[in-house]
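Here, each number is a calculation from the coordinates, and none is a lab measurement. None of these values were measured; they are calculated from a predicted model. Here the Cβ positions follow ideal geometry from the backbone for every residue, glycine too, while neighbour counts run over all protein chains shown.
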Amino acid sequence: MSLPDHGANPKIFTKALGVAYKEGSIDFSVNTNPLGMSNYANLTQSDLKEAISAYPEPHAEHLTEALAKHLKVDKSRLLAGNGAAELIFHLAHLYQGKKVLLIEPAFSEYRDACEANGCEMESIVLEDPWKIDLRQLEGRLDEVDLMFLCAPNNPTGTTYEIEEIREILNLAAQHNTMVVIDEAFYDFQESKQTIIEEIQQCNHLIILRSMTKMYGIAGVRLGYMVASPSIIQQIRNLQPPWSVNGLAQRIGLNLLQDSSFINETAVYIKKERLRMKTELRKMDFCVSDSVVNFYLLSEKDKRDLRPLMIFLIEHKIIPRHTYSFNGLNGRYLRLAVKTKDENTILLSVLKKWRDQSC
Ligand SMILES: Cc1ncc(COP(=O)(O)O)c(C=O)c1O
């Protein structure tokens, strides 16, 4: 049985690994908000009844309008989806059979969606600390129809300078390549760095966003894309009506009012991530320069971390394995920034690991 391609599946993951799952384990493989779900996702009884019993708007018209207003873009440039994942699959369908470039290690659904649509896959696999060599990229853009860049990147947690992303957009324009920038985790950054300001000028830019991570609503399924009106229209034509269900539309509208949760989360994440980084480095671990709510842990010699992974599971800590990420290949573990108490438990288990290995 192969290891699952996503985090947040502790029982499936431990079974596939052949290690007993212990009740009460803490899931460090899930990268949604450690502070929980936004209170604005709670619906009143009457909203709930309405959202469940009535047909929702076929293309989430009200939510689209509200999102566009919130982001200060024209509504013709916005499309809501059943999670960002749905939009990734439609994009891959639009580029069916075409040449697609991935900057890896990266979120696995880009490859899965493109391969399912017969795309010809190209890849640049970055080395730790995962910086892009723009000259190398330029050399690869020829004949590439579409490229995916995740910023901030899942699984490394690192990001790129905004000037670098602008330069990538310039190079892509020269080669007629469409660029997807996946900003699923952008709001976990204290800086909220985004490339959205370029959307008016760049018809070859598509931005993906997810409401899942920040608002803690993985079960609701809500994401959106911002792009040129022409791309939005083409993806909308591929989308079934009612793709964004009634609950998601109602909750999405409510969440747009909750700005304090985002800021509170980003401040908390930064503080706790820095604490973890300092403590882990004291224990001689390497920690990626993450700007979001997860990071990569590795040993200085970059050995395979299977023994540590099993030790953590036996001590009720579920990490995210990295065997499925090109360029990481099990030499790293992805760990979420969780609550202060949970992070402290992780530190004590890792200390135990260090003590027993000495
Ligand atoms: C980088 C990235 N993009 C997109 C998604 C999909 O998000 P959603 O839950 O909105 O489908 C994920 C989910 O893990 C992700 O990590």
Given the rule -39500 (n - 2.57) for each run of at least 4 DSSP H residues, summed and divided by the residues of the chain, what is its mean residue ellipticity at 222 nm, to the nearest 500 deg cm²/dmol? -12500 deg cm²/dmol
Mind listing the long-range amide H neighbours of HIS59? Cut-off is under 5 Å, sequence gap 5 or more, other chains count too, H placed in the peptide plane at 1.01 Å from N. TRP242
Among LEU79, LEU3, LEU308, rank each residue by its count of other Cβ atoms within 10 Å, from fewest to most, as a rough exposure measure. LEU3, LEU308, LEU79
May I ask what percent, to the nearest 5, of DSSP beta bridges between residues of the chain are antiparallel? 45
Among VAL179, VAL125, which comes first, then next, by fewest other beta-carbon atoms within 10 Å? VAL125, VAL179
Spatially proximal lysines relative to LYS15 (Cα-Cα < 23 Å; intrachain offsets below 8 disregarded): LYS316
Once the dipole of the chain is set up with Lys and Arg at +1 and Asp and Glu at -1 on Cβ about the Cα centre, which of PRO105, MET147, HIS70 lies farthest towards its positive end? PRO105
Give the distance, in whole Å, between the Cα centre of region 291-358 and the Cα centre of region 71-150. 28
Show me, for region 317-332, the HN-Hα J-couplings you get by feeding each phi into the Karplus relation (A = 6.51, B = -1.76, C = 1.60, θ = phi - 60°), rounded to Hz, glycine and proline as x. 10, 9, x, 9, 5, 10, 5, 8, 9, 4, x, 9, 6, x, 8, 9
Can you list the residues, at least 5 places off or on another chain, whose amide H is less than 5 Å from the amide H of MET178, using H built in the peptide plane? LEU146, MET147
Within a Cβ distance under 12 Å of HIS315, other residues only, what is the Lys/Arg minus Asp/Glu net charge? +3
Under 15 Å from the Cβ of SER324, count the other residues' Cβ atoms, weight Lys and Arg +1, Asp and Glu -1, and hand me the total. -1
Tally Lys and Arg at +1 and Asp and Glu at -1 over the other residues with C-beta under 9 Å from the C-beta of PRO155: what net charge comes out? +2
So if each residue of separation counts as 0.36 nm, and I subtract the Cα-Cα distance between GLN174 and GLU138, what length gain in nm does that give? 12.0 nm
Counting other C-beta atoms within 10 Å, which of ILE181, ILE26 has the fewest, and how do the rest follow? ILE26, ILE181
The chain - charge dipole about Cα centre, Lys and Arg +1 at Cβ, Asp and Glu -1, debye rounded to 20: 1140
To the nearest 0.05, how large is the calculated FRET efficiency for GLU127 and LYS11 if R₀ is 41 Å and r is the Cβ-Cβ distance? 0.75
Would you please give the FRET efficiency between SER2 and ARG303, computed as 1/(1 + (r/R0)^6) with r the Cβ-Cβ distance and R0 = 30 Å, to the nearest 0.05? 0.85
Segment SER357-ASP74, extension gain: residue separation times 0.36 nm, minus the distance between their alpha carbons: 96.1 nm
Tell me which of ILE318, ASN9, GLN201 sits at the most positive position along the dipole axis of the chain, charges placed on C-beta atoms (Lys, Arg +1; Asp, Glu -1). ILE318
